[in-house]
Structures are given as C-alpha cells and as structure tokens.
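The values are calculated or read from the model by the stated rules, or taken from the named source; none is laboratory data. As the structure is a computational prediction, the values presented were derived from the model and not from experiment. Cβ sites come from the backbone with ideal geometry, for glycine too, and all protein chains shown count toward neighbours. We work out accessible area using only protein heavy atoms, side chains counted, and drop any ligands, DNA or RNA first. Shrake-Rupley method; radii C 1.70, N 1.55, O 1.52, S 1.80 Å.
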Amino acid sequence: MKLKLPSLEGTVITIKSDQKEANRCYQNSLKTNRGVFAVTTQPPREEKVTRAEIAQEKRLRPAEEVLEREIDGKRFKLGKSLGQETQDKIAEVIAQHLDAFAWSSSDIPDIDPDFLCHRLTMDPQVQPVCQRRRKFNDERRQVIREET
C-alpha cells in the first residue's frame with residue numbers, strides 16, 4: 001500500500017505500508033495515542049536549479065563504442081558497430097529533420113524538468129532477487145515472439 005499526499009511545506013509525503021501494517025495503523029488510530037508508520041518526505045526542487053544543470057547530471061554510458069558526428073553545430077552519437085552506409089543514412093535523416101529533435105532541455109521550455117527527469121528510487125541495502133522463469137504454452141510463446 002502506498003499513499004502520496006502534499007504537505008503544507010510544499011513537499012510530497014509518501015507513506016508505504018502493507019496490509020498487516022495498515023491493520024496495525026487502524027488499530028492504533030482507535031487508541032488515544034496515534035502512530036504514523038513509514039513516512040518519508042521528498043523536498044521540493046530548489047528554485048535556483050537551472051535546466052542546464054539538470055541536463056549535466058550524471059548519465060549512463062552507452063554499451064558500445066560510439067562515434068560523434070556534427071551537423072550544423074548539432075552533435076550526436078552513433079554506434080561504431082553500424083556500417084558506414086548506415087551511419088551516413090542516419091546522418092542524412094537527422095540533417096533533414098534537425099528542427100524535430102530537442103537537443104537540450106532548453107529547446108522545450110514549456111515542459112517542467114521534474115516531468116523530464118526520471119529517477120529510480122531503489123534502496124541500496126536491498127539485494128536484487130532473481131525471478132523464476134515463466135513458462136508459456138506453445139501458442140502464447142508464438143504470440144510473444146511475434147510481438148517482440
């Protein structure tokens with residue numbers, strides 16, 4: 001069970017719990033001494049943070065070696081594993097449609113940076129768990145193959 005609500009300070013309060021915890025919380029609410037469980041707050045984004053600073057945050061690295069190309073002052077990266085002909089075709093399409101791409105977050109000023117930035121909230125103390133393999137019958141496997 002997860003509940004998010006705004007606080008008076010402008011932060012977002014997140015309450016995480018399970019069924020047992022919810023029942024315990026309800027039982028405590030019936031008593032005179034009320035308890036709150038697993039409450040976390042997320043501070044609001046500072047007003048002084050610019051979109052350029054958000055764009056410069058640590059990024060993931062590509063899985064393979066890349067080449068950097070430039071067209072009309074706009075730089076983009078292509079995988080080295082692509083053939084030269086494929087690289088040229090991609091560069092040609094990009095050159096024809098330069099105005100269709102957002103080269104930085106400042107190219108799209110009407111979109112809130114909080115909406116653009118995605119962060120995975122993972123607890124570093126929790127160990128990853130390998131899920132069991134799901135087995136499907138032949139008909140479903142064929143549909144999955146076609147979709148992927």
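In the set (1) more than 30 Å from Glu68 (Cβ to Cβ); (2) touching a strand residue (DSSP E or B) at 6+ places or on another chain (Cβ under 7 Å), Gln125 fails one condition alone, (2). All conditions in (1) modelled with pLDDT under 80; (2) open to solvent by less than 90 Å² (accessible area, probe 1.4 Å); (3) assigned to a helix (DSSP H, G or I) hold for Phe115, with the sole exception of (2). Of everything in the range 3-14 that is part of a strand (DSSP E or B) and open to solvent by 50 Å² or more (accessible area, probe 1.4 Å), the residue that is modelled with the highest pLDDT is Val12.
Among residues of the range 75-102 being open to solvent by less than 80 Å² (accessible area, probe 1.4 Å) and of a type outside the set (A, V, I, L, M), the one that is nearest to Thr11 (Cα to Cα) is Phe76. Among the candidates Asp88, Asp99, Asp110, the residue that is free of Cβ contacts under 8 Å to residues at least 60 places away in the same chain and not in a helix (DSSP H, G or I) is uniquely Asp110.
Give the range 15-48 a look and list any residue that's over 19 Å from Asp112 (Cβ atoms) and modelled with pLDDT under 65, or say none.
Within the range 15-48, Thr32, Asn33, Arg34, Gly35, Val36, Phe37, Ala38, Val39, Thr40, Thr41 qualify.
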